[in-house]
1. Taking the 0 to 90 degree range and rounding to the nearest ten, how far is the long axis of helix 109-123 tilted relative to the main principal axis of the chain, both from C-alpha atoms?
2. Give me the one-decimal nm value for the distance between modelled label points at residue 104 and residue 219, 7 Å along each residue's Cα-to-Cβ direction.
3. Under a 10 Å cutoff between Cα atoms, tell me which one of 45, 189, 160 has the largest fluctuation in the Gaussian network model of the chain.
4. With a/c under 1.5 counting as rounded, go ahead and sort the range 45-144 into rounded, prolate or oblate using the C-alpha gyration tensor (a ≥ b ≥ c being the square roots of the eigenvalues; past the cut-off, prolate if a/b is larger than b/c, else oblate).
5. At a Förster radius of 35 Å, what calculated FRET efficiency corresponds to the Cβ-Cβ distance of residue 71 and residue 23, to the nearest 0.05?
6. With labels modelled as points extended 7 Å from the Cα through the Cβ direction, what inter-label distance (nm, one decimal) is found for residue 63 paired with residue 197?
7. Given a cut-off of 21 Å, what percent of all Cα-Cα pairs of the range 90-227 lie beyond it?
8. Would you kindly state how much longer the chain becomes between residue 127 and residue 154 on full extension, computed as 0.36 nm times their sequence separation minus their alpha carbon distance, in nm to one decimal?
Ligand code: CA
């Protein structure tokens, strides 16, 4: 699964340079030129990481960072602030607003990419891991192979994405709506019962004989995997 990065930057040459270099590293990149555009985009999807310029026309990067931090869907999304200000007081202010890291312009591209990877490793190691393991189930993102106890498990594309989504957050209970948004995407209209159908298929594919199903049905809440 690709890591989606939202770059909020009004300087076009810098935005183009960031997009080019992040895409070359395998990230999916979206660019917003100002706060309004950024807020519109995050209402449509949740990025995995936000690169936020401090000095933006209109709503400032700091104010956006503060808003993102109190938003239910964005509060755990890592934010890297970009700024020309290198003052210690600003750095502290940026970090206290909730940014995860801070990069001072001008910066070198390798350093910037390294900072992004470091933040992702810290905040969501499962987002950049090639292999996910939960209990006796292993999912390889490079080969798209899934196995349980060393036995190969064959899954349809939707069941694969569903399992990957579950395995990123073992033990966490997801509502049907969260699973729909995370696996099918917000733009797709799918009935919530479709989720039940695919969870059922995934359970069946993962389980042999008397093996326990790792997928728990949480009454009135949704489903959880492992944990
Ligand atoms: Ca700027």
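Laboratory data are not the source of any read-out in this text; all were calculated from the coordinates shown. Just so we're clear, the structure is a prediction, and the values are computed from it rather than from any experiment. Neighbour counts are summed over all protein chains in view; Cβ atoms, including those assigned to glycine, are modelled from backbone coordinates with ideal geometry.
1. 50 degrees
2. About 5.9 nm, to one decimal.
3. Between 45, 189, 160, it is 189 that shows the largest mean-square fluctuation.
4. Prolate shape, in that a/c is at least 1.5 and a/b is the bigger ratio.
5. With R0 = 35 Å, the Cβ-Cβ based efficiency is 0.85.
6. Those two pseudo-labels are separated by 4.7 nm.
7. Of the Cα pairs, 52 percent sit more than 21 Å apart.
8. 7.5 nm
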